[in-house]
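K.L.:
This is the structure I want to talk about, given as structure tokens.
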Amino acid sequence: MHADTKIWLTLLTTWMGTAIAPGATLAGENLPESLDLEPVVVTATRTAKEADTAPGSVSVVTQEELEQRNVQTLEQALAPVAGLYANTMGKGLLSTMSSVTMRGMSSDKRVLFLLDGVAPLNDAYSGGVGYQMQPVEDIRQIEVVKGPFSSLYGGNAMGGVVNILTKMPEKREATVKAGYGSSWDRGEALDDLEKLYLSYGDKVFDKLRLFGSFGHKTTNGYATGQNVQSANPAAAGLSGALPTTSTTGAPRFLIGDNGDNTWEDNQFTLKAACDLTGATKADLSFRRATLDWGYDNPHTSLRDAAGNPVWSYGSVRESSFLSGDGGKAQNIATGSLETRWGTVIGKLSAGYVEMDDSWNITKGTTATRSGGPGSVSETPSSTLNTDLQFTLPLGTRQILTAGGGYRSEEATSREFGLRNWHNRDSKTGLTYEAEGQAHTYALFAQDEIAILDSLTGYLGVREDRWQAEGGHVFVPGAGGSTLHYDGREDSALSPKAALVAKPLPATTLRVSAGKAFRAPTSYDLYRTWTSSSGITYAANPNLEPETVTSWDGGIEQGLGGMTMKMTYFDNRMEDLIYNKTISATRQEKINAGKARSRGVELEAEQRFDFGLRLFANATFTASEIEENGASPASVGKELMQVPARIYTVGAVLEQGPLMASLLGRHLGKRYGNDTNTDVVDGVYTSYDPVTLVEAKIAYKLDRHTEISLAVDNLFDEDYFAYYEGAGRSFFTELTWRF
């Protein structure tokens, strides 16, 4: 770092009366390893700040912590964070429907995910996040800021913000990782998981930094989807069915599965950063990720009197054993330019996220293992996000951060008939199309005031004006129709206030309150579809944004090598979007819901001089639907996918070349429907209370080479998280670093 930059940051620290660490930059670069300081985070304020002085509950997942576990996907990386529930316990790596719930606000669309603070990862179609498309080996640090942050970031930031910061080298470095894993008992977890990762980075001319990486994973998977029917095969003279129940206790019969769920993904990244002058720097990045999944031959347990396998009986067809292939391809491009004029810092950034291919095949009701009709759904989408920010001191005890942004989103949903459900290219014609666009214009400001040397106040506000246009639905054919929707607009004012006090050097007190929102997605507004059972789920182009008003308060206390945190939170949600039942064959989306979630997050960490780190956290959440015109029976019930209790306990020991870690995680009961009638555990589609333990041991053979062995689900727990959970598995990896 240049000397004048260090001087400027020191002056800035003095003016604020807070601790911006020497060696940190406003872009959130790594601190020198020789300094034993709090992690520096940028997400909570848009400027660099030590985590214990940030105006919000902040959790940091470091690169070192990721390497101490067997982390294959982003949601697995987030799983141990207090106040956050990452639904990783079902199919794991194989899940394309993973989700994150933060502080009782379920679904990815109510948490804003950012890549390097620039590119929003919530897709424009549904607000979901492609967790498996983010290479964890490229991650330098994940910052999880909990609570409403629309005052700084706009839509989706109702439960909080997850900011994924990626690596950039300071010197020449190369990494090669090769790994293999499989289930302990063949067929009960990911079989034949193979992984390869390559990266290279360098700093040239003392100004230009370059980084590139490639990652590849493939697995033969395991049978995740069960074929459970209400019709008793014994009535048709068939044997082999296993009696079970539905999640409500009704009799059911397990007759087979959909085959092993296979998987392959690839990621490619290029990054460049340049110090153009002592006061100006720029960076660019491009990432492409692809994934494809499919299913091997299904299995039936049914047998006739002669012992022959049976694939259909009564109203149950062979197609009930089948699941279709799918895939995604995503491109992400980012760029930023940061410069300084005297004491003013300006930053212009842009991120473009394109899901240029997202498809999924559904077999037809008359399909068989050898072929037959089906359909394919394709949902490409794109998001452009631009942001201009200025940071300037006002006097000696005040800093203003202000700016504006523009976000453009576009999504399309198309369905085509297929002659052969095995072949995506056997299209027979367009059967449905829906698309729409949205534009958001925003202005924001945050004032940071050093009220006292030990007390800092924050006042922030953001105005977002949201416009939807180009919405239409097209259903071709003789009875087809086309609906065009008028453009519409809405706005959201998102204020926030916070106080951070440090009465003692190792003590931090926080309190904050704010409001956040989520605009309806293209799926909410325009995607109408009819299920195989004949129920039409209708979109609503007149939906209003969802909102939440929240407050939290907490204390953080250091004591020697121990850190303890306690935070209380309270969220009141309004205008939640629900499906309202109009008739036996039609449901429509409406703004119907009011809900509340409140709870406590407890965290503790103890570090010992001999290389041992112990940590634990617990999250207690009480959630309740307070109003729901779409589903009156849900009033007074718990919110879906909000566990009342989550416990995490772990230990990491590092002694010379040896590293060993152990992590246990307990999840309480979650409900899969808003009336909480799915009370039976241990059956297909249930969400069971479960405790899972994982372990990893690594040994450095020399300064360049490391070998490791990890075991997931160490005690081979049987459970369901909708799908049957993966059993015990192992993964071994060899790493070279140069």
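K.L.:
Select from the stretch 41-80 the residues that are small (Gly, Ala, Ser) and over 23 Å from residue 607 (Cβ atoms) and write down the one among them that is surrounded by the fewest Cβ atoms within 10 Å (Cβ to Cβ). Step through it out loud before you land on a result.
P.N.:
First, the residues of the stretch 41-80 that are small (Gly, Ala, Ser): 44, 48, 51, 54, 56-57, 59, 77, 79.
Filter once more, so that each one left must be over 23 Å from residue 607 (Cβ atoms): 44, 48, 56.
Details: 44: 26, 48: 20, 56: 26.
The qualifying residue surrounded by the fewest Cβ atoms within 10 Å (Cβ to Cβ) is 48.
K.L.:
Restricting the stretch 374-405 to residues that are without any contact (Cβ under 8 Å) to a residue 60 or more places away in the chain and of a type in the set (Gly, Ala, Ser), which is surrounded by the most Cβ atoms within 10 Å (Cβ to Cβ)?
P.N.:
Residue satisfying both the conditions and the ranking: 374.
K.L.:
Further, regarding this structure: Does the stretch 366-381 contain any residue that is under 26 Å from the mean Cα position of the chain (by Cα), outside any strand (DSSP E or B) and of a type outside the set (Phe, Trp, Tyr)?
P.N.:
Narrowing the stretch 366-381 to residues under 26 Å from the mean Cα position of the chain (by Cα): 376-381.
Those left that are additionally outside any strand (DSSP E or B): 379-380.
Those still in the list that are of a type outside the set (Phe, Trp, Tyr) too: 379-380.
Scanning the stretch 366-381 turns up at least one residue that is under 26 Å from the mean Cα position of the chain (by Cα), outside any strand (DSSP E or B) and of a type outside the set (Phe, Trp, Tyr).
K.L.:
Something else: Give me the pairs: first residue in the stretch 207-228 and more than 24 Å from residue 187 (Cβ to Cβ), second residue in a loop (DSSP other than H, G, I, E, B) and among the hydrophobic types (A, V, I, L, M, F, W, C), beta-carbon distance under 7 Å, and six or more apart or on different chains, which are they?
P.N.:
209/168; 211/168
K.L.:
Right, another one. How many residues does the stretch 103-143 hold that are out of contact with any strand residue (DSSP E or B) (no Cβ under 7 Å at 6 or more places or on another chain) and of a type in the set (A, V, I, L, M, F, W, C)?
P.N.:
Residues meeting the conditions: 1.
The rows are residues; the columns are (1) at pLDDT 95 or above; (2) not hydrophobic (A, V, I, L, M, F, W, C).
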site	(1), (2)
106	no, yes
132	no, yes
135	no, yes
144	yes, no
155	no, yes
174	yes, no
181	yes, yes
192	yes, yes
206	no, yes
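K.L.:
Being more than 26 Å from residue 729 (Cα to Cα) and either among the polar types (S, T, N, Q) or in contact with a His (Cβ under 7 Å, 6 or more places away or on another chain) (or both) narrows it down to one of 96, 62, 73, 47, so name that one. Show your work before the answer.
P.N.:
Working: 96 fails: more than 26 Å from residue 729 (Cα to Cα); 62 fails: more than 26 Å from residue 729 (Cα to Cα); 73 fails: more than 26 Å from residue 729 (Cα to Cα).
After ruling out the rest, the residue left standing is 47.
K.L.:
Right, another one. Among (1) over 26 Å from the mean Cα position of the chain (by Cα); (2) buried (at least 16 other Cβ atoms within 10 Å of the Cβ); (3) basic (Lys, Arg), which single condition is residue 462 missing?
P.N.:
(1)
K.L.:
May I pose another question? Going through the stretch 519-577 one residue at a time, which ones are under 30 Å from residue 608 (Cβ atoms) and of a type in the set (A, V, I, L, M, F, W, C)?
P.N.:
The answer is 555, 559, 562, 564, 566.
K.L.:
If you don't mind, another one. Quick one: in the stretch 106-130, which of the residues that are more than 13 Å from the chain's Cα centre (by Cα) and among the hydrophobic types (A, V, I, L, M, F, W, C) is surrounded by the most Cβ atoms within 10 Å (Cβ to Cβ)?
P.N.:
Among those residues, the one meeting the criterion is 124.
K.L.:
Among residues belonging to the stretch 345-365 that are more than 18 Å from residue 115 (Cα to Cα) and polar (S, T, N, Q), point out the one that is farthest from the chain's Cα centre (by Cα).
P.N.:
365
The values are calculated or read from the model by the stated rules, or taken from the named source; none is laboratory data. Please read these numbers as outputs of a predicted model, since none were measured by experiment. Cβ atoms come from the backbone with ideal geometry, glycine included; neighbour counts cover every protein chain shown.
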